[in-house]
Amino acid sequence: MKINFYPSLLMGLATLLWSCGSNDDIKVSTEPQMLKLTAPVILNTDSTVIELADYLRNPGQIDSLEIDPSLQATISTDSTQMVIRPVDRDFPRLSILTLWSKGYSYSLVLEKTTKVHFRFTFDPKEKKHKRVQISGQMNDWNPAAGYLFRKDNKWYIDLHLFPGKYQYKILLDGKMVCDPTNPDSVYNNNGGYNSLLIVGNLNPSGLPVLYTKESSGRKAIIGLNNKADSVFVLWQNHFLDHTFWKKDSAGITIDIPKKAKEFGRSFLRVWAYNKTGISNEALIPLQNGKVLTNASKLTRSDEEAMIMYFLMVDRFKNGNRDNDHPVKDPDIDPKVNYMGGDLAGITRAIEDGYFTNLGINTLWISPIMQNPLVGYAEYPAPHRKFTGYHGYWPITLTTIDTRFGTPFEFHRLVDEAHGKGINVVLDFVAHHVHQEYAVLKAHPDWITPVDLPGNRKNIRLFDEQRLTTWFDIFLPTFDLSKPQVAQMVSDSALFWIKEYNLDGFRHDAAKHVPESFWRMLTRKLNNQVVIPQERSIYQIGETFGSRELIGSYINPGMLDAQFEFNLYWDAKNTFAMDNTSFRDLNYSLQQSFSYYGEHNLMGNITGNQDMSRFISYASGALSFNEDATEAGWKRDIEVKDTIGYRKLASLIAFNMTIPGIPVIYYGDEFGMPGAGDPDNRRMMKFDGLNKNQEYLKSITAKLANLRNQNLALTYGDFTTIKVSDKIFIYMRSYFDKAVFIIFNKDKTRRNVEFNIPERFIKDTFKVYFGNIMNIENGEINLSIQGNSFEIITN
């Protein structure tokens, strides 16, 4: 159905004819409305509100649209929002919304939600309660959103949830406990257990499966397993009709639009669906109109190919001792004082080739804004005194901390990095400032209230007061709902990108910042940097919460990605603990694909500055049941058992071979130990590594460089080959390239067998990490060491 918003019938006819036209001519505006690839928009079964500025530069220039007849679309009078409502509740699982502006078309894929109604029931038996609440992943651990109602001595709440597993606890008259009526529980990554709720069908069978099959010249063929009722093909954000592709026994054959020759990098994307559900996404990168087949053509602008390294400036390398000025205060422990790392030290590491040799092409550096010159005691007991060595207590938003360096040194750092093909991503704090921030004296109303009713402090109420809570008594939260505050903070962020030619931001505490701010900042970046300079800016956020909450911040108008903490916790449990199963990790990975797509830009971490080091758990130096922060204050945490190095190598191999962006926390490349903050922020070691650390560092570099050299690990399709409690095998494939990744978490050597997919059965294969392989009758037989991994390529 086509709807014209402006009275130009001729325009409507012209654009309609174009949509059915020849593949020899695709009209692409020199000022396109859409700047980045758009993921499918999830449609609710009642109505869905789309913020048009999330997808379009100028929503007011939409003159008409086309949408499936089973759906109805209405644009608000101010052109800021579109509301889509189903005319027929049985609307398609996938459909296309095409928007027209000045004779050019732009398409969004619309995906019908898979959420189901679920009534949760709690039966207290003979016990009486005045109030029952549920707090868990289904409501982002906010008990205020989880009140149950009572009927016939039972308690109920109606939930609308995606199929999946949900951890939760019950509050009985305010006391939080595991659900006594539910025997299913799971480790909660915090020394205890949560109850587990399973909703819907977790393993639907018969879904269409797409895979990159063949390419030649201006043609690409997508293979298809299982029936597909409908197929959708897009080049960039332009829907390609049947004049561009056909489906037959060979698969889906696509004629690449001739216009693609004018683009250095562009993409084909394909989806399909049948009665069972929706396929995976097939993603094909193009180089000047032909399928990309050579990894050497990748540049640091290819975001899918990034390998990120996170370092804390003060703890990495001291390159200029003239700026060493630790706070002189006997109440401040040396481990939370300044240790001398600076911008000059990072530059020296770049020049020495440390990151290049490690296979790194993107640096994420901690905040470098000026922090206070004295220490402050934290609000919660035991009220330890800290400095701002970490950079997260800014007293200015646009000047460099004198203990880290100068503008000249930062310019030089960025120039040196770019000269070696390395991006620089800066950690930016938009949520809060330190109380010494001078602007607050003139504008005390620019922050949120710290005092709550009932004589409570609004401090670290991360879920209850998500958008207003303070992180400490001396860290006021910006009231970013006020336009003048949001303008000032977003202008400050923009300054860093424009002044220092940075490549992106890591955004601190993203879920504690209003969505309106992220929209404002991204719009400014697009208008003042991305469009005029013709380059991309990568923005990744930090959000702890459900995948649904995390994903709500990801679209072209806000953030490109967030860190996949939920997957990290499951990976940590799987690789560090002996009694866990790879089945849980595979489930978590599939959930990640379900929420963020099979070709996402999420950050897959080895750890970060807020978590105890993985190797400390994996080696037994830390218990999963203890307070890791206090452990770091009370005893020396080292690597207790060298098996920890093997387990960490497996975690790194996992991150390097799944979709998303691998992120190495400084020191994890060789197994630096550490308990909770601040013990996980020790000074970096470059010399004096033991043989296990040297070996792990070489493994990390080998994995990173393998990813850099093999397009299957960057753009490849993902297929689970085999999964059990102790063995996990999956494949990444990209046209004629296949990579098999095999993990064994058993303590002893195991023999594993798996079939080679038919299209690769005539190929020869090699192992990369020394395990013994035999191939017979189309089957790979591998003898793999305990607590290890292997990678096999054709």
Residue count, segment 467-490, condition surrounded by fewer than 16 Cβ atoms within 10 Å (Cβ to Cβ) and either modelled with pLDDT under 95 or outside any loop (DSSP other than H, G, I, E, B) (or both), comes to 3
Which of (1) over 20 Å from the mean Cα position of the chain (by Cα); (2) charged (D, E, K, R); (3) surrounded by fewer than 21 Cβ atoms within 10 Å (Cβ to Cβ) does K317 not meet, given it meets every other one?
-> (3)
Considering segment 158-184 alone, what residues qualify as being charged (D, E, K, R) and farther than 28 Å from N44 by Cα?
-> D173, K175, D179, D184
Filtering segment 92-111 for residues that are on the phi < 0 side of the Ramachandran plot and more than 30 Å from the chain's Cα centre (by Cα) leaves a count of 3
Determine whether segment 511-530 contains at least one residue that is in a loop (DSSP other than H, G, I, E, B), open to solvent by less than 30 Å² (accessible area, probe 1.4 Å) and at negative phi.
-> yes
Quick check: anything in segment 438-457 without any contact (Cβ under 8 Å) to a residue 24 or more places away in the chain and hydroxyl-bearing (S, T, Y)?
-> no
What residue, of S698, S733, is in a helix (DSSP H, G or I), modelled with pLDDT of 95 or more and open to solvent by less than 70 Å² (accessible area, probe 1.4 Å)?
-> S698
Among residues of segment 501-510, those that are open to solvent by 10 Å² or more (accessible area, probe 1.4 Å) and either in contact with a strand residue (DSSP E or B) (Cβ under 8 Å, 6 or more places away or on another chain) or hydrophobic (A, V, I, L, M, F, W, C) (or both), counted = 2
With (1) aliphatic (A, V, I, L, M); (2) assigned to a loop (DSSP other than H, G, I, E, B); (3) under 23 Å from I605 (Cβ atoms) as the list, and A381 as the residue in question, which single condition is left unmet?
-> (3)
Could you check, for segment 279-302, whether at least one of its residues is out of contact with any strand residue (DSSP E or B) (no Cβ under 7 Å at 6 or more places or on another chain), open to solvent by 60 Å² or more (accessible area, probe 1.4 Å) and small (G, A, S)?
-> yes
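Give the residue that is nearest to A628 (Cα to Cα), with candidates limited to residues of segment 674-695 that are assigned to a helix (DSSP H, G or I) and of a type in the set (D, E, K, R).
D679
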Could you tell me which numbered condition K130 fails, if it satisfies all but one of (1) touching a Lys or Arg at 6+ places or on another chain (Cβ under 6 Å); (2) outside any strand (DSSP E or B)?
-> (1)
Mind checking which strands (runs of 3 or more DSSP E) fall wholly inside segment 138-256 and carry at least 3 residues that are open to solvent by 40 Å² or more (accessible area, probe 1.4 Å) and farther than 24 Å from F624 by Cβ?
-> 149-151, 154-161, 209-216, 219-225, 245-248
Within segment 257-278, tally of residues that are touching an Asp or Glu at 6+ places or on another chain (Cβ under 9 Å) and open to solvent by 20 Å² or more (accessible area, probe 1.4 Å) = 6
Since P367 meets every condition but one in (1) farther than 26 Å from F670 by Cβ; (2) crowded, with 17+ Cβ neighbours inside 10 Å; (3) in contact with a strand residue (DSSP E or B) (Cβ under 8 Å, 6 or more places away or on another chain), which condition does it not meet?
-> (1)
D570 passes all but one of the listed conditions (1) in a loop (DSSP other than H, G, I, E, B); (2) open to solvent by 10 Å² or more (accessible area, probe 1.4 Å); (3) free of Cβ contacts under 8 Å to residues at least 60 places away in the same chain; the exception is number (1)
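Could you grab me the full set of residues in segment 387-433 that are part of a loop (DSSP other than H, G, I, E, B), surrounded by 17 or more Cβ atoms within 10 Å (Cβ to Cβ), charged (D, E, K, R) and in contact (Cβ under 8 Å) with a residue 60 or more places away in the chain?
Scanning segment 387-433 gives a single hit, R403.
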Looking only at segment 97-115, count how many residues are surrounded by 18 or more Cβ atoms within 10 Å (Cβ to Cβ) and more than 12 Å from T48 (Cβ to Cβ).
-> 9
Kindly indicate whether any position in segment 446-463 is at pLDDT below 95, of a type outside the set (A, V, I, L, M, F, W, C) and crowded, with 16+ Cβ neighbours inside 10 Å.
-> yes
If you go through segment 764-788, how many residues are surrounded by 14 or more Cβ atoms within 10 Å (Cβ to Cβ), outside any strand (DSSP E or B) and not aromatic (F, W, Y)?
-> 4
In segment 534-556, what count of residues is obtained for those that are over 28 Å from N625 (Cα atoms) and either open to solvent by less than 10 Å² (accessible area, probe 1.4 Å) or in contact with a Leu (Cβ under 7 Å, 6 or more places away or on another chain) (or both)?
-> 7
Of the residues that make up segment 352-360, is at least one in a loop (DSSP other than H, G, I, E, B) and either more than 20 Å from E409 (Cβ to Cβ) or in contact with a His (Cβ under 8 Å, 6 or more places away or on another chain) (or both)?
-> yes
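The values are calculated or read from the model by the stated rules, or taken from the named source; none is laboratory data. Predicted model only: the values in this text are computed from it and were never measured. For neighbour counting, all protein chains shown are included, and Cβ atoms are generated from backbone atoms with ideal geometry for every residue, glycine included. Keep in mind that these areas ignore ligands, DNA and RNA; they rest on the heavy atoms of the full protein, side chains included. Shrake-Rupley method; radii C 1.70, N 1.55, O 1.52, S 1.80 Å.
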